[in-house]
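The values are calculated or read from the model by the stated rules, or taken from the named source; none is laboratory data. Computed from a predicted structure; not experimentally measured. Here the Cβ positions follow ideal geometry from the backbone for every residue, glycine too, while neighbour counts run over all protein chains shown. In case anyone asks, the SASA skips ligands and DNA or RNA and just uses the protein heavy atoms, side chains included. Shrake-Rupley method; radii C 1.70, N 1.55, O 1.52, S 1.80 Å.
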Amino acid sequence: MSELASENLEQIQIFYREAFQRYQERDSVPEIEIRFYPYVSISHTIRARGGKIYVRIAELCRTMPLLAHKALAYILVGKLLRRTVPAQAREIYSNFVKQTEIRTRAAENKKINGRKIVGSPRGEVYDLERIFAEINAVYFKNSIPKPILTWSAAKTYRVLGHHDAAHETIVISRSLDSRKVPQYVVEFVVFHEMLHIFHPTEYRNGRRYNHTPQFRRSEKKFRYYAEAENWISRNASNLKKTARQKISKTKIVKN
Ligand SMILES: [Zn+2]
């Protein structure tokens with residue numbers, strides 16, 4: 001599966017090169033980086049920076065047919081270069097989106113009816129939306145698309161935070177919504193979950209890699225990294241006491 005995905009990405013890359021060549025009527029094309037991004041909706045971005053082109057395609061479109069990827073390449077590159085996009089490209093792509101929107105809505109309905117209960121980002125002490133916005137500005141140049149942010153229903157202590165890419169949700173343990181918990185700890189857990197959006201899961205040889213070396217390097221950039229790690233390890237047992245006693249696992253992990 002990972003093989004197929006990387007082959008696809010290579011093919012998609014060719015579409016973007018083709019589009020540049022076609023619009024600019026020359027063979028040389030800029031360096032292009034393409035990544036799938038867990039945008040909440042079907043939206044994509046294309047940017048030119050320092051002579052390099054950055055394309056972010058909505059995760060929802062990862063598995064769209066190559067023909068639709070080709071159409072999207074012509075649309076995005078056309079937009080960047082302010083050229084008229086071929087009508088056929090628009091048509092192929094919009095047909096795909098219509099189908100996807102129907103499927104997405106179905107999945108969302110399932111989410112509402114299913115076990116996934118989304119709470120509020122505003123806790124008694126900390127507001128996750130405010131924390132997210134600050135971290136996004138300070139560490140990510142506001143590049144992280146806002147996911148659903150919510151406190152967990154229960155005061156889980158084993159998992160302090162969780163990023164669910166399928167539902168585009170960051171859940172933070174309610175055990176951290178307390179005056180006893182320093183703000184930098186909450187910020188650090190939110191930062192960690194945001195890094196999961198910034199460094200999406202890598203698939204190699206059928207295995208998933210969440211905390212890659214790049215991920216760990218980025219994590220250390222948090223201003224209070226050492227303090228936060230320290231606080232979490234020192235307070236693991238306190239968090240445990242405030243949590244439901246039923247749960248028997250005691251390891252603190254950040255997913
Ligand atoms: Zn993690």
In the range 72-94, the residues that are without any contact (Cβ under 8 Å) to a residue 24 or more places away in the chain and part of a helix (DSSP H, G or I): Ile75, Ala87, Gln88, Ala89, Arg90, Glu91, Ser94
Some residue of the range 193-203 being modelled with pLDDT of 90 or more, more than 11 Å from the ligand (Cβ to nearest atom) and surrounded by fewer than 11 Cβ atoms within 10 Å (Cβ to Cβ): no
Single unsatisfied condition, His211 versus (1) away from the ligand (no atom under 13 Å from the Cβ); (2) open to solvent by 20 Å² or more (accessible area, probe 1.4 Å); (3) more than 23 Å from Ala58 (Cβ to Cβ); (4) free of Cβ contacts under 8 Å to residues at least 40 places away in the same chain: (1)
Unique residue being more than 16 Å from the ligand (Cβ to nearest atom), among the small types (Gly, Ala, Ser) and in contact with a Leu (Cβ under 9 Å, 6 or more places away or on another chain) when the list is Ser143, Ser218, Ser175: Ser175
Sole exception among (1) within 17 Å of Ala236 (Cβ to Cβ); (2) within 16 Å of the ligand (Cβ to nearest atom) for Lys155, by number: (2)
Condition check for His167: closer than 17 Å to Phe132 by Cβ and buried (at least 21 other Cβ atoms within 10 Å of the Cβ): no
Close pairs from the range 191-205: first in the same structural domain as Ala137 (by TED's automatic domain parsing) and over 13 Å from Leu149 (Cα atoms), partner basic (Lys, Arg) and more than 10 Å from the ligand (Cβ to nearest atom), Cβ under 9 Å, at least 6 apart: Pro200/Arg35; Thr201/Arg208; Glu202/Arg208
